[in-house]
1. Between residue B:111 and residue A:144, how many nm apart are label points set 7 Å from Cα along the C-beta direction?
2. Round to the nearest 10 and give me the degree value, 0 to 90, for the angle of helix A:143-154's Cα axis relative to the longest principal axis of chain A.
3. From other protein chains only, count the Cβ atoms within 10 Å of every residue's Cβ in A:204-213, then give the mean.
4. How far, in degrees from 0 to 90, does helix A:121-140 lean away from the longest principal axis of the Cα atoms of chain A, to the nearest 10?
5. Please list, in order, the residues from the stretch A:127-152 whose amide nitrogen is less than 13 Å from a point placed 7 Å along the Cα→Cβ vector of residue A:179.
6. Rounded to the nearest 0.05, what FRET efficiency is calculated for residue B:246 and residue A:29 with R0 set to 45 Å and r the Cβ-Cβ distance?
7. Taking a ≥ b ≥ c as the square roots of the Cα gyration tensor eigenvalues, with a/c under 1.5 meaning rounded and otherwise prolate when a/b beats b/c, else oblate, which class fits the stretch A:22-62?
8. Which residues in the stretch A:156-195 have a backbone N closer than 18 Å to a point placed 7 Å from the Cα of residue A:108 along the Cα-to-Cβ line?
């Protein structure tokens, strides 16, 4: 206490955090809501560790060893991997073409009319809302449903997977792009708009320098998800590793399945490396 | 007239009155400084005049038109004629200096030119000239996050010089600069305006800068006009009354609050004699 000046508080009123009650309320509310949900989802983790169930699981996992290594299968695996990468990459590229323009229209960060507010703000509001609604519809329908539909139209093969990914992921990317652009520092873009710059200029000079890293990282993460999603769609005949996995599982060939899973692991690691590299380049 | 306001007022959403009943007229080519204690409404005034905020009362006319009655396209064209220098330059830190300066002309360039300029700068020499006037030409290709606060503020000024607007609005444009640089920077803004016949309205923290560079000085207090006079007629009493809420200390350069000593009432005295030994006078 030596030398420190203690500021005397008014004695009778002890200061309390005025937000404490609200915080406590939020925690209680979350518990009250979560508990019935866990019951509904039959969440009983203890069941996993009962003796009989442990045997079942170890038996299932033991079937996966050793991984299949026959040259013939590895050839198939390589072809399927390339196909999966092609589906995911083409799907994400198409999704980008859908998402980028919709995000630029939908984001409030580039709204000229909200400065002031000026003329055309109701029109702008309506346009943004309808863009958001479109994005919601695109991503609300699971890609597997789109895939089932396109397989019927286009026949078995990767094309159906690509289209299904493009639509659903276009919706997801668009929504998240919109929000990333709104959550970065929007003052530079606003200043440019208030100086008469166009929306694309304000985007490129005001928002992207701040948001590029996050946008890239999310896009690469979505590419990784697309790799996994293309597997699920393979189960309904949309080609790639999924189709191969489907066949192996149906023949109860655990060794082949585990080789395929190892490839997944490598692909996820690859996505991580790409993301890290791009973030570094944009830092 | 470059700018006319009639009973201009601004009330924030929370009921706080930022400006009230402002009557202003600026002819084309005029240079006006706005001074006043913090919270007087200087920034609000500049945002109103720059069409970044809409007045809640009264009328504003810029170059003979009410900006808020224009169509979206006309409002945009009007905004390209106004250049605002912000106190905290709104420049993303990852941007290169040259890109930050070239952004000044985004309003006049077609969109494709602005986007192409990101691949290869569209006007290197133009940006360099603007920066050279603020003694920053050597930082042309540096990233803005390598700059100090004062250097960044000068990049913000260079952007507006490069924009070549007809109306320059400056919101404490030299608040992060040391006295010598601040004087030179204000001098460049004034020179640019004189050369092109542009109108300037600048809010300044340092009263001595306002009196030195601007023929007309406006005192703003509590959101209302305290005085609007030729610089030579601004008296010591007016200033100490203007800054009464800050202990009548008239702020000058270098953030050394000093007492006003010799200040000819209505005379020619434009230079403050600095006396640090005496404390508040």
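No value in this document is a laboratory result; all are computed from the given coordinates. Bear in mind that the values here come from a model prediction, so they are computed numbers and not experimental data. Quick reminder, even Gly has a Cβ in these numbers, built from the backbone with ideal geometry, and neighbours come from all protein chains shown.
1. Here the modelled spin labels are 4.0 nm apart.
2. Approximately 50 degrees, to the nearest 10.
3. On the way: counts 8, 12, 6, 1, 4, 11, 4, 1, 2, 1.
Mean shielding count: 5.
4. 30 degrees
5. A:136
6. Working: r = 48 Å, r/R0 = 1.06.
Here the calculated transfer efficiency is 0.40.
7. Details: a/c = 4.65, a/b = 3.79, b/c = 1.23.
Because a/c hits 1.5 or more and a/b exceeds b/c, the stretch A:22-62 counts as prolate.
8. In the stretch A:156-195, the label zone of residue A:108 (backbone N under 18 Å from the point 7 Å along Cα→Cβ) covers A:175-191, A:193-194.
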